[in-house]
Amino acid sequence: MPRYAVYILASARNGTLYVGVTNNLVRRMAEHRAGAVPGFTRHYGVTLLVHAEFHESIAEARLREARLKRWRRAWKLELIEAGNPMWCDLAEEWLE
């Protein structure tokens, strides 16, 4: 069964944040890093993968994405800090 990722990207520690969802995190990270898709992440240089969580269904993942997008910035920062206190680029260890 495929796994769907809800992820948070950052431009830098405590920088601009982006919340997204995908069915292929490796491909999506490559797109973000290459600036292949015009929009928010390319404009603001948001390419560091600082949080990711996986869900079994796209419906569940989209619901979580929508909830995270409504969260206050402070809550998102707390979520990132809880699982990734050094704000490491998780893509380097998970995806490459």
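The values are calculated or read from the model by the stated rules, or taken from the named source; none is laboratory data. This structure is a prediction, so every number in the text was calculated from the model and none was measured. Counting neighbours? That spans all protein chains shown, and the Cβs are built from the backbone with ideal geometry, glycine included.
Odds and ends about this structure:
- Only one entry of E31, E65, E93 meets the criterion of being assigned to a helix (DSSP H, G or I) and more than 13 Å from the chain's Cα centre (by Cα), and that entry is E93.
- Criterion violated by H51 - all others in (1) at pLDDT 95 or above; (2) on the phi > 0 side of the Ramachandran plot satisfied: (2)
- Cβ pairs under 6 Å, 6+ apart, first in the stretch 41-68 and in contact (Cβ under 8 Å) with a residue 60 or more places away in the chain and closer than 19 Å to N24 by Cβ, second of a type in the set (K, R) and surrounded by fewer than 16 Cβ atoms within 10 Å (Cβ to Cβ): none
- Hits in the stretch 57-68 (condition: surrounded by fewer than 13 Cβ atoms within 10 Å (Cβ to Cβ) and under 22 Å from N84 (Cα atoms)): A66, R67
- Of all the criteria given as (1) assigned to a strand (DSSP E or B); (2) crowded, with 16+ Cβ neighbours inside 10 Å, the one not satisfied by F54 is (2).
- T47 satisfies every condition listed in (1) loosely packed, with under 15 Cβ neighbours inside 10 Å; (2) of a type outside the set (D, E); (3) closer than 16 Å to A5 by Cβ except (1).
- Of all residues assigned to the stretch 18-39, none qualifies as being farther than 22 Å from E93 by Cα and either surrounded by 14 or more Cβ atoms within 10 Å (Cβ to Cβ) or polar (S, T, N, Q) (or both).
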